[in-house]
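The values are calculated or read from the model by the stated rules, or taken from the named source; none is laboratory data. Everything numeric here is computed off the predicted structure, so don't read it as measured data. We place every Cβ from the backbone using ideal geometry, glycine too, and count neighbours over all the protein chains shown.
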Amino acid sequence: MRLTYRIDRKDHIAFMRHHLLRSPNVRRQYSVMLTLCVLAVSFQSYYLGTDFQTAVVYLGVFILLAVLVLFGSSYFTVRLSIRRNAADNNGLVGDHCFIVDDAAVCEQAGHVETRVKWIGIRKVSVSEDHAFIYFNSQTAFIVPKRAFADESDFSEFVRDCVSRLPEKTLNPRLYGRN
């Protein structure tokens, strides 16, 4: 199967957002940071001797601000990274050719070609508008749904990719394999 499509900054932002919301490492980092912040605020409130209701309100506002700052900083970091990498014209944005065969997947973009054997594919993740074919824990091929004639072709592509994944990467509960 051979697909040609154009990747832009919005596609990369969609991948980063998808990855940030689903990555166990990112969730673990945010939860550790949030727990430490809650403990620090709780200790400070106890040390100052504030009443319970004031401490809870203060803690709630602090948690809300911490979450907003974490997601906001992640979003702006992603945007700056994409802008910087896109300016280098290293194949991140622009026309892409994606080839799927029995041996490997291959993406050609500009002067860059990335070929990964199926044994090296870690997982296939699907969002509303994209399929992400991970070849390491933080990097994936981005295949937009708009590259297909209709949604059934996109679904068939995803099923085909999942069927080619090595057995060790599949979750038996999700795919009915024992």
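Of the conditions (1) touching a residue at least 60 places away in the same chain (Cβ under 8 Å); (2) closer than 20 Å to Lys10 by Cβ; (3) surrounded by fewer than 19 Cβ atoms within 10 Å (Cβ to Cβ), His130 satisfies every one except a single condition; which number is it?
(3)
Is it the case that segment 82-100 has a residue that's modelled with pLDDT of 80 or more, among the aliphatic types (A, V, I, L, M), in the same structural domain as Phe141 (by TED's automatic domain parsing) and in contact with a strand residue (DSSP E or B) (Cβ under 6 Å, 6 or more places away or on another chain)?
Yes, some residue in segment 82-100 is modelled with pLDDT of 80 or more, among the aliphatic types (A, V, I, L, M), in the same structural domain as Phe141 (by TED's automatic domain parsing) and in contact with a strand residue (DSSP E or B) (Cβ under 6 Å, 6 or more places away or on another chain).
Return yes or no: is Glu167 modelled with pLDDT of 90 or more, charged (D, E, K, R) and closer than 24 Å to Ala103 by Cβ?
Spelling it out, it is not the case that Glu167 is modelled with pLDDT of 90 or more, charged (D, E, K, R) and closer than 24 Å to Ala103 by Cβ.
Give segment 14-48 a look and list any residue that's loosely packed, with under 15 Cβ neighbours inside 10 Å and closer than 16 Å to Arg146 by Cβ, or say none.
none
Pairs please, first residue from segment 48-67 and on the phi < 0 side of the Ramachandran plot, second anywhere and β-branched (Val, Ile, Thr) and surrounded by 13 or more Cβ atoms within 10 Å (Cβ to Cβ), Cβ atoms under 7 Å, 6+ apart in sequence or on different chains.
Close Cβ pairs (under 7 Å, with a partner that is β-branched (Val, Ile, Thr) and surrounded by 13 or more Cβ atoms within 10 Å (Cβ to Cβ)) amount to Tyr58/Val41; Leu59/Val38; Leu59/Val41; Phe62/Val41; Ile63/Val38.
How about segment 141-163: which of its residues are in a helix (DSSP H, G or I) and touching a residue at least 40 places away in the same chain (Cβ under 8 Å)?
Arg146, Ala147, Phe157, Asp160, Cys161
Quickly run through segment 1-23 and pick out the residues that are at pLDDT 75 or above and over 16 Å from Gly94 (Cα atoms).
Matches in segment 1-23: Met1, Arg2, Met16, Arg17, His18, His19.
I'd like to verify a number: residues in segment 119-148 that are more than 17 Å from Tyr5 (Cα to Cα) and not charged (D, E, K, R), how many?
The total comes to 13.
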